[in-house]
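Let me begin by presenting the structure, written as structure tokens, before commenting on it.
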Amino acid sequence: MNSKTFYVTTPIYYATSAPHIGSAYSTIIADMIARYKRFCGYDVYYLTGTDEHGQKVLEQAQVQGKNPQEFCDEQAAKFINLWKEMEISNDDFIRTTQKRHEDVVSAVVQKLVDNGDIYKGKYEGLYCVHDEAFCTEEDAVKRDGKKLCPDCNRELKWFSEENYFFKLSKYQDKLLKLYEEKPEFTEPSFRRNEMLQIIKGGLHDLSISRTSFDWGIPLPNDNEHVLYVWVDALLNYITALGYSTDKDELFKKYWPADLHLIGKEINRFHSIIWPAILMALDIPLPKKVFAHGWLTVNGEKISKSRGNAIDPRLLMDAYGKDAVVYYLLRDINFGRDGDFSEDNLIGRINSDLANDLGNLVHRTTAMIKQNFDGVIPQPEGECDAPDIQLKNVFENTLTDYLNNMDNYKFTQALDAIWTFIGFANKYIDLTQPWKLAKEEGKKERLATVLYNLSDALRNIALFLKPIMKDTSKEIFRRLGIKDQWEGTTYEQLKWELLEGGSTVIKEKPIYPRLDVAKVKKVIIMKDPEEEADKAAAKADAAEARADAAATKEEKIEGVQLIGFEDFTKIQLRVAEIVEAEPVPKSRKLMKLQLELGEEEKRQIVAGISQHYTAEELVGKKIIVVANLKPAKLMGVQSNGMLLAAKDGENFRLLTADGPINPGAKIS
RNA sequence: GGCGGUGUAGCUCAGUUGGCUAGAGCAUACGGUUCAUACCCGUAGAGUCGUCAGUUCGAAUCUGACCGCCGCCA
């Protein structure tokens, strides 16, 4: 029996929507943590699942003409299958419609009723059916005599019903004490502070039942009511372990949870309500709640209507699971919000995975093949300065890696690994093995160098084992030690543990470089109209701000005087417009091709679409600032700016008074 | 409206308790190398450290005001 246990959970995902990059993010990270802890010798239990009760599930099932259970079965299967395809290593998958969950929840609720922690009261207020949430009179959006939900703009209904309440207020002081004694209970610390503020502000009892729908767990003492989402969903963390059943070995073994990994939107439930419920049940509290940030996709919030709720499967298929995982952990600072950008993903693949890591594997195996018939040599002779440096960098990396991984600083852990990879590449430059191969009597030295590189690769593979399983395994295979991979632990992270004598495999590079121009993008933004409107609105706003700023400046400073030398910095020239076309998606911008004399052509972008048509512009000789720094306006390159006069709505281009050649300078 | 965070090189970000010429990666330019996936190694860049004022011998780092963005709550 292993005494060190580790219980990690993801949120249970709501059954109304299919898995997307956001749910995959939580699951991937929890998976990596689970694998890391196993790697470090822990007996790990990793739980994920689906939350299947509630009105929205019911509605959606009806829309699809299915009974709710049938609908949930299909939705749950989507998650289960995806996690399987992604080789997520969860030990269990809990569904809140399973009997094992419902039975325990009923028992737990009964217990809370018996203890007096759940009582009957009355709840009245405005209610949003879609969001399943109450809304205060103040927050409601008033329009046409109707009151609308501030979040979703649907009409609010007056709601009055007898509800059961959980005595959350009773636990306020205990929660405060928890936060004081265990500051690490909620992370990151800024999330903890947010929670602390809520607690200090005073906790209200929580309405936990509904009578408006019946797709839920009935209250054991009153079948008219079903349990509202939170108590039901949160309890999954213990029902999955068989809490309060006669098969509670798992609960005894793994509870309290070491880590509830969640998204920031459900922090309040996990950092306040969940511990309060556990206090009421006299169950030990989890050790940590970690609320990670949200992902945007190419700078946009994830939403179905925008079409960027990417199916993680597509990404995995296009780029490989390890690459996607690497990117998520390396580029998005864990805990903070981050942006998933496909361009950045490709950048990371090329620079970090192909150039740095992949190339290191490739060049090392190639040299062993050329010089030692592919057999990894034993180190011979004395250590040289670079050898000692390499070893030192390894030792530092090991310390950093373990520290950062233990503290959930994954971005930094990867950074440490890549510092080592970087130095291994430099080590090749320092030792110049290709020269050693040509010189007489240097074979021993060459053996040592290539051995060190092989051992570096072995250690790199081990660093990556919990994070990028396939890559890790593949490096072992390339080193000819494939059968040693299974069962390796952090204890094998040591210098010179490689035995040598195995035969390397030199095949195609493990990470081919991607041609940015040729890669078919997975993320395609839909709804271009909405995008265009938004972009236009943004441009307008920016312009308005600029105008306002300019006005303000004038008012404050009056007309500013400049010296002649300042004026000479500006190169003004005559230009003939040879082509004009509006910039797509923009209300104001026009793209112009100019003739600037001496066969010089130039493209500029100007905000004149509202005043001139393209046809009117062609042929006009205008005045431009020719030495303005190039800029991009709505993605279009602009290499200058035209001059125009503006007087309220009146807007006129400056032109030359009579014939003159394009390119002529103005002074 | 209250509380909190944040604004540092073209981009993404590090910068402990205030202290030598402000850092890393990517991108760019140049040089080196050729074992390797035009890769790797090295060198370089006039960054007002959001703006303004203050404390100090000295501030990106502390204080105040303001501007921008974000989060939580109401």
Q) Is the shape of segment A:10-128 rounded, prolate or oblate, going by the alpha carbon gyration tensor and its root eigenvalues a ≥ b ≥ c, with a/c under 1.5 for rounded and a/b larger than b/c for prolate? A) oblate
Q: Read phi for every residue in segment A:482-499 and hand back ³J(HN,Hα) as whole Hz from Karplus 6.51 cos²θ - 1.76 cosθ + 1.60, θ = phi - 60°, with x for Gly and Pro.
A: 3, 6, 8, 5, 4, x, 5, 10, 4, 5, 7, 6, 9, 7, 6, 8, 5, 8
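For segment A:328-463, what is the accessible area per residue in Å² when the probe is 1.4 Å? Show your work: numbers first, answer last.
On the way: 5510 Å² over 136 residues.
Per-residue accessible area for segment A:328-463 comes out at 40 Å².
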Q. Amide H neighbours of A:ASP43 under 5 Å, counting only residues 5+ apart in sequence or on other chains, H built in-plane at 1.01 Å?
A. A:LYS4, A:THR5, A:PHE6
Q. Sequence-distant or interchain residues sharing an amide H contact under 5 Å with A:GLN571, placed H: which?
A. A:ALA626, A:ASN627
Q) Protein chains only, probe 1.4 Å: how do A:ILE505, A:ILE238, A:ILE266 rank by accessible area, largest first? A) A:ILE505, A:ILE266, A:ILE238
**Q.** FRET efficiency, 1/(1 + (r/R0)^6) with R0 45 Å, evaluated for A:GLN571 and A:THR613 via beta carbons
**A.** 0.95
(Q) Among A:VAL375, A:ALA413, A:VAL393, whose Cα projects farthest towards the positive end of the dipole of segment A:360-477, with charges put on the beta-carbon of Lys, Arg (+1) and Asp, Glu (-1)? (A) A:VAL375
**Q.** FRET efficiency, 1/(1 + (r/R0)^6) with R0 45 Å, evaluated for A:LYS435 and A:GLU249 via beta carbons
**A.** 0.10
Q: Report the charge-dipole magnitude of segment A:354-493 in Debye, nearest 20, computed about the Cα centre from +1 at each Lys and Arg Cβ and -1 at each Asp and Glu Cβ.
A: 440
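Take the Cβ-Cβ distance between A:VAL625 and A:ASN344 as r, set R0 to 41 Å, and report the resulting FRET efficiency rounded to the nearest 0.05. Write down the numbers at each step before the final one.
Working: r = 34 Å, r/R0 = 0.83.
About 0.75, to the nearest 0.05.
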Q: Have a look at A:ILE332, A:ASN403, A:ALA366 and report the one farthest towards the positive end of the charge dipole of segment A:318-437, computed about the Cα centre with Cβ charges (Lys/Arg +1, Asp/Glu -1).
A: A:ALA366
Q: Using the Karplus curve 6.51 cos²θ - 1.76 cosθ + 1.60 with θ = phi - 60°, work out ³J(HN,Hα) for each residue of segment A:207-221 in order, rounded to whole Hz, and write x for Gly and Pro.
A: 6, 10, 9, 9, 10, 6, 8, 10, 7, x, 8, x, 5, x, 9
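Please give the contour-minus-distance gain from A:LYS84 to A:ASP144: 0.36 nm per residue of separation, less the Cα-Cα distance, rounded to one decimal in nm.
Numbers: separation 60, 0.36 × 60 = 21.60 nm, distance 5.02 nm.
Length gained between A:LYS84 and A:ASP144: 16.6 nm.
For segment A:432-500, give the percent of accessible area contributed by carbon and sulfur heavy atoms, probe 1.4 Å, rounded to a whole number. Walk me through the intermediate numbers first.
Numbers: 1300 of 2970 Å².
Of the solvent-accessible surface of segment A:432-500, carbon and sulfur hold 44 percent.
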**Q.** Calculated from backbone phi, Karplus (6.51, -1.76, 1.60) coupling profile of segment A:159-166 in Hz, x at Gly/Pro
**A.** 10, 9, 7, 6, 10, 9, 10, 9
Q: Run the quick spin-label model on A:GLU382 and A:ASP415: label points 7 Å from Cα toward the beta carbon, then report their separation in nm to one decimal.
A: 3.8
Q. About the Cα centre of segment A:332-437, what is the dipole size in debye to 20, counting +1 per Lys and Arg Cβ and -1 per Asp and Glu Cβ, all else neutral?
A. 180
Q. Quick one: putting +1 on the C-beta of Lys and Arg, -1 on the C-beta of Asp and Glu, what dipole do you get for segment A:19-87 around its Cα centre, in Debye to the nearest 20?
A. 240
Q) Once Lys and Arg get +1 and Asp and Glu get -1 on their Cβ, which of A:PRO256, A:TRP158, A:LEU178 lies farthest toward the positive end of the dipole of segment A:156-256? A) A:LEU178
Q. If you stretched the chain out fully between A:LYS182 and A:ARG336, how much longer would it get, using 0.36 nm times the residue separation minus the C-alpha to C-alpha distance?
A. 53.3 nm
Q. Looking only at segment A:155-185, which residues have a backbone nitrogen under 18 Å from a spot 7 Å from the Cα of A:ASP114 in the C-beta direction?
A. A:167
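The values are calculated or read from the model by the stated rules, or taken from the named source; none is laboratory data. Please read all numbers here as calculations on a predicted model, not as lab measurements. Heads up, the Cβs are rebuilt from the backbone with ideal geometry, glycines too, and the neighbour counts pull from every protein chain shown. Surface areas here come from the heavy atoms of the whole protein model, side chains and all, with no ligands, DNA or RNA. Shrake-Rupley method; radii C 1.70, N 1.55, O 1.52, S 1.80 Å.
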